[in-house]
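For reference, the structure is listed below as structure tokens.
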């Protein structure tokens, strides 16, 4: 049996953890304070520590500075489309790597994993030229397409797919089920927790994507949330009321989605853990 | 059920010999490998070629090593390189130490409210880096920010988090640590799940203290996962862009200029793709060397 820690140790541990948690969460609270008050009230000494009633006024100003709802739509549309296509691509690749023997398997997998070590900046200038030449600047397609090459979720999916019992696939093949039938009707439904985890990764990756849309999108109507927010922060005197409201609008949907899916997320990540 | 499956699929399978157990993996991989070639392999090679070119009257011409020669004599390049290394040396160990401690504590069987703490510490990962930076712009405002207000309560003079001396670099480190610790914690938690309980039980029977168990069981067993987080964080510190762009635009006096921000300025403010590509390959080379060194130091036998 392990030694039981003393009560004092326990209390200290929880105290440290709670202080850490408060430091972690406080910026979110301060964001909400900022979003619901006038900049003047947040900048008073002492500042206000409670949510105020200026949400709608801040929203009005925010709408005059950036097209917040349009940007929210852009970000949502791009992130959701990307996640759906990405899920299909990653699970197909993961299934192939985990459950098939074929020529070139090791080479493909090694090249993909090694590519994770090359910073994506190495691609950004040629991609910019490519999309300019194709006349696809300032389009959703240009933001989504190159980002689909995201290796970490493929790796995660491969690890998770290893858990699909070979006997299940064999049984289906003996029953003469087609390969696509096996993939879509047998393998994918069994992978639900992993798919949820990968979905969160993909969504978060695209939702946070900044440099590439900054380069590709050049009108207010097409700005994603991070690009629109960065224009607010770039002004000489920042109106924090609208900046914090804009930030809240970009942060809160993801937190809500995460809270709904977090059970799957943890098990999906743990299922994909590197087995020794 | 079984019979109907067979009936449905047998004739179809005879007709369409194309999709078989032999061809299926290639069909599955074709889309991602096509995208990978078009949007990854090709640009990587193309930007390598670009790094040997320079623009003369709107056209790119071969210019030998001139971009690299310029880089070697560019004081701003060294400034950016130094900043990236400072962040690597200070921020990455700080963050990973915190992440390991959190992961170990939140994995211990005696802990209560584990789920709550895990989710709480993970939430910053859900904010975009730009959003996180904007929030910290408010908190770290020199005259009216929350942090300086709280520091004043304990008698500390206001700090110019975004303007004075080396504080902007400290600010970057704070924001990055806030944003990424939970991310690494989750990956390390996954690694901890794979350490066999038997190891700890055996150690307990031998009378090893909890601290000893941490150093002689947990850390060595966690090494592969720790290596992954270390390499990812190293790459991250050389890719650092969103935070300095939003918080300080690289200023003041390039004190928070990072390599990626500098290559972005060259590429998309001055449209000097040749020089920007040379800077890109400096980043690629540094990351490759550092990853190799970390692999060697970790003594991976695979």
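Considering the range A:39-50, and only residues there that are in contact with a helix residue (DSSP H, G or I) (Cβ under 6 Å, 6 or more places away or on another chain) and outside any loop (DSSP other than H, G, I, E, B), the residue that is surrounded by the fewest Cβ atoms within 10 Å (Cβ to Cβ) turns out to be A:39. Inspect the range A:127-142 for any residue being at the interface with another protein chain (Cβ under 7 Å from one of its Cβ atoms) and within 30 Å of residue A:183 (Cα to Cα) and give the result as yes or no. Checked against the condition, which is being at the interface with another protein chain (Cβ under 7 Å from one of its Cβ atoms) and within 30 Å of residue A:183 (Cα to Cα), the range A:127-142 yields no hits at all. Taking residue B:200, is it over 28 Å from residue B:104 (Cα atoms) and either in contact (Cβ under 8 Å) with a residue 40 or more places away in the chain or within 11 Å of another protein chain (Cβ to nearest Cβ) (or both)? Considered against the rule, which asks whether it is over 28 Å from residue B:104 (Cα atoms) and either in contact (Cβ under 8 Å) with a residue 40 or more places away in the chain or within 11 Å of another protein chain (Cβ to nearest Cβ) (or both), residue B:200 comes out as no.
So, of the residues in the range B:95-120 that are more than 19 Å from residue B:214 (Cβ to Cβ) and in a helix (DSSP H, G or I), which turns out to be modelled with the highest pLDDT?
If we filter the range B:95-120 for residues that are more than 19 Å from residue B:214 (Cβ to Cβ), which is where we start, we get B:112-113, B:115-116, B:118-120.
Those left that are additionally in a helix (DSSP H, G or I): B:115-116, B:118-120.
Working: B:115: 82, B:116: 86, B:118: 87, B:119: 87, B:120: 90.
By that ranking, first place goes to B:120.
The number of residues in the range B:106-157 that are more than 8 Å from chain A (Cβ to nearest Cβ), within 22 Å of residue B:245 (Cα to Cα) and surrounded by 16 or more Cβ atoms within 10 Å (Cβ to Cβ) comes to 3.
Here the condition is being assigned to a helix (DSSP H, G or I), out of contact with any strand residue (DSSP E or B) (no Cβ under 9 Å at 6 or more places or on another chain) and exposed (fewer than 15 other Cβ atoms within 10 Å of the Cβ); of B:69, B:80, it holds for B:69 alone.
Of A:95, A:120, all but one fail to be in the same structural domain as residue A:208 (by TED's automatic domain parsing) and more than 27 Å from residue B:291 (Cβ to Cβ); the exception is A:95.
From the list A:53, A:71, the lone residue that is buried (at least 18 other Cβ atoms within 10 Å of the Cβ) and in contact with a helix residue (DSSP H, G or I) (Cβ under 8 Å, 6 or more places away or on another chain) is A:71.
When A:211, A:217, A:244, A:222 are checked against the criterion of being buried (at least 24 other Cβ atoms within 10 Å of the Cβ) and modelled with pLDDT of 90 or more, A:244 stands alone in meeting it.
Look at residue A:76 and say whether it is in a helix (DSSP H, G or I) and either under 18 Å from the mean Cα position of the chain (by Cα) or closer than 15 Å to residue A:205 by Cα (or both). Break it down stepwise before answering.
Numbers: in a helix (DSSP H, G or I): yes; either under 18 Å from the mean Cα position of the chain (by Cα) or closer than 15 Å to residue A:205 by Cα (or both): yes.
When the stated conditions are applied, residue A:76 passes them.
Restricting attention to the range A:212-252, the residues that are in contact with a helix residue (DSSP H, G or I) (Cβ under 8 Å, 6 or more places away or on another chain) and more than 27 Å from residue A:43 (Cα to Cα) add up to 11.
The values are calculated or read from the model by the stated rules, or taken from the named source; none is laboratory data. Keep in mind that what you see is a predicted model, and the values were worked out from it rather than measured. All Cβ positions, even for glycine, are placed from backbone atoms using ideal geometry, and neighbour counts span all protein chains on display.
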